[in-house]
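Data block below; observations after.
The values are calculated or read from the model by the stated rules, or taken from the named source; none is laboratory data. Computed from a prediction, not measured in an experiment: that's the story for all the values here. Please note: Cβ atoms are built from the backbone with ideal geometry, for glycine as well, and neighbour counts cover all protein chains shown. Protein only, heavy atoms only, side chains kept; ligands, DNA and RNA dropped before computing areas. Shrake-Rupley method; radii C 1.70, N 1.55, O 1.52, S 1.80 Å.
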Amino acid sequence: MSDATNTTNTTNTTNTTNSSQSSALIRQATTAYHSETLDNIFDNSFALIEKARKAFSPQMKSYEVGIITNIATGIAKVSGLPSAGFEEMLIFAGNVRGIVFNVDIDELGVVLLGDYAHLQAGDEVRRSGHVMDIAVGNELLGRVINPLGQVLDDGLPIQATQHLPIERTATAIMDRAAVTVPLQTGLIVIDALIPIGRGQRELILGDRQTGKTAIAIDTILNQHDKNVICVYCAIGQRASSVAKAVATLREQGAMAYTVVVVTEGNEPAGLQYIAPYAAMSIAEYYMQQGQDVLIVFDDLTKHARAYRELSLLLRRPPGREAFPGDIFYIHSRLLERATQLNKALGGGSLTALPIIETEAQNISAYIPTNLISITDGQIYLSPSLFELGVLPAVDVGKSVSRVGGKAQLAAFRAVAGDLKLTYAQFEELETFARFGARLDQDTAKSIEHGRRIRASLRQPESSPLPVAEQIILLLALTSGLFDTIALAKMSAAKNALRGIINRLPAELSTRLATSGSLSDEDHQNIIALSKQALASIEDSNAPLLADGSEQP
């Protein structure tokens, strides 16, 4: 029994010894493995570091740094940058940017483009080595930005892959093509009487609060589904006015094809000055991609005033109305970039609608006459017509389009060829009739017809008309179908005519919406349907009022 017990104890002791030895061997093997693994990691790490050290070659990069000698309202005088060039961008403390405007022997005159309240004399200024540029690309569609490319809406910052300088040379003459395609505004008074072609520059001018911006916004709204990219540039506008315009574009779904570039009235004059050039570069990008583009400058009067402020602060000599002598050049080099490219360059077009504000209907002032001579025509808005409720308040007698008539649709030309002359004659006769003179039957008939022309050209804001509806309305007007309709019922008559568009044959509707001309049979079909639509409108000619004006 004892021998068995001793044998068992011996066996247990042997097992315990073997287990301890196995554990020791495992620990040694694990320690050796970890040690070898760490050695490999360190060796690999040091090898990579050594490889990176050998591949690195330090390069010296020099920066030319100057100092601010004087700072004023939106202007800084800088010294110590003898190699800086005209319109080069400089970087100030706080990443504030500026553009070199004056290049003198001892110092530079720099226009500041941001909040400069923290800058003071003695601060360092660094050259950027390039001119001012702006981000371009499809990422900008639907966004509201400032001229520096910074977003002003609630979206994320724009990550554009391409930039273009804001100042660019205008397209060479040999790279341009004739203006042959109309840009439909949706406003019957413009499309019929003062047509605009794609690639044209048409000035919109008038006194304050006469509907200039409304015409531009309606034109943008009318480009829906017409494959036209729009750029709206607000220069020195009130924040409430810009917010209203952007809200209108969003409500109508126009922001999907629109870029809005904004500078408010309380921002530095330098930002207001570069705004139209930055917007033009954005528009030129799309034009060079072969697309049709519309750009609106609202308005260049504030742009001219901002440039005058900068010039006077930089001690440039003033000229007429205190504007500097090169005020004509800053607008001409801007608007000359709007054009129609030839097919070799993609066939894109850039149509410009600059807006300016007149004072007391003085279109012969310095800035209006400059821009009238630069552009291809003008649309003048009369405050007298605006006060009478004739909206849009376009003065047909003072408005002209020097190019768009050649691009007008054939169907438009057929029905509105002599409408402008007839309307101008009516305005003269109406003025004469207010003196209380007796009128013969033909003159009275001409005046009544002219009043119906005026009623037909009235159009509410943000309600652009399609081409087909405009042609139907004009054809009924020139055919005398409205002469038996009372003025008070002209609005109902126009609505009745708009309803016949769905009753036209498909081929005729296509020809109305395109450049196809209308045959005599087409005219007869449209007139027949128009008569049926107007039959329900009561036939009652209202007499003239005592002063010869039309009835309300």
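Some observations on this one:
- Residues whose amide H falls under 5 Å from that of R316, counting only those 5 or more places apart or on a different chain, are absent, with hydrogens built in the peptide plane.
- Spin-label pair D520/S241, simplified geometry with 7 Å Cα→Cβ offset, distance in nm: 5.3
- Dipole of the chain [Lys/Arg +1, Asp/Glu -1 at C-beta], most positive-end residue of L335, T301, V144: L335
- Student exercise, the chain dipole from Lys, Arg, Asp, Glu Cβ charges, in Debye to nearest 20: 440
- Listed residue (P460, V403, Q288) projecting farthest to the positive dipole end of the chain, Cβ model: V403
- Relative counts (whole %) of C-alpha pair distances in the stretch 73-201, using bins that are 10 Å wide: 10, 27, 26, 21, 12, 4, 0
- Per-residue surface analysis assigns R201 an accessible area of about 30 Å², computed on protein heavy atoms at 1.4 Å probe radius.
- Here the Karplus curve 6.51 cos²θ - 1.76 cosθ + 1.60, taken at θ = phi - 60°, turns the phi angles of the stretch 476-493 into couplings of 5, 5, 6, 7, x, 6, 8, 5, 9, 9, 5, 4, 5, 10, 5, 5, 5, 5 Hz, with x standing for Gly and Pro.
- The spacing between the stretch 413-441 and the stretch 210-271, judged by their C-alpha centroids, is 36 Å.
- Annotation for the stretch 352-371 versus the stretch 458-480: alpha-carbon center distance of 29 Å.
- Ordered from longest to shortest, the equivalent ellipsoid semi-axes for the stretch 71-134 are 16, 14, 10 Å, each the square root of 5 times a Cα gyration tensor eigenvalue.
- In this structure, the amide hydrogen of E357, modeled 1.01 Å from its nitrogen in the peptide plane, lies closer than 5 angstrom to those of T301, counting only residues at least 5 positions away or on a different chain.
- Column: log10 I(q)/I(0), Debye, Cα scatterers of the stretch 370-489, q = 0.09, 0.17 Å⁻¹: -0.28, -1.03
- Cα gyration tensor shape for the stretch 305-382, rounded if a/c is under 1.5, else prolate or oblate: oblate
- Computed with a 1.4 Å probe over protein heavy atoms only, the accessible area of K77 comes to about 40 Å².
- Expected-Rg normalisation [2.2 N^0.38 Å, Cα atoms] applied to the stretch 197-280: 1.11
- Vicinal HN-Hα couplings computed from phi for the stretch 375-390 (Karplus, 6.51 cos²θ - 1.76 cosθ + 1.60; Hz; Gly/Pro x): 7, 9, x, 9, 10, 9, 9, 8, x, 5, 5, 4, 5, 7, x, 8
- Charge dipole of the stretch 81-124 about the Cα centre (unit charges at C-beta), most positive-ward option of I105, G85, L119: L119
- Convex hull volume of the stretch 489-535 per residue (C-alpha atoms, cubic angstrom): 76
- Ranking by accessible area, most exposed first, for R126, R168, R402 with a 1.4 Å probe: R402, R126, R168
- Assigned charges on the beta-carbon of Lys, Arg, Asp, Glu; the stretch 149-233 dipole about Cα centre (debye): 260
- Karplus-based coupling profile of the stretch 210-218, in residue order and whole Hz: 10, x, 5, 5, 4, 5, 5, 5, 4, with θ = phi - 60° in 6.51 cos²θ - 1.76 cosθ + 1.60 and x standing for Gly or Pro.
- Its alpha carbons considered, the chain gives a radius of gyration followed by a Dmax of 36.0, 156 Å.
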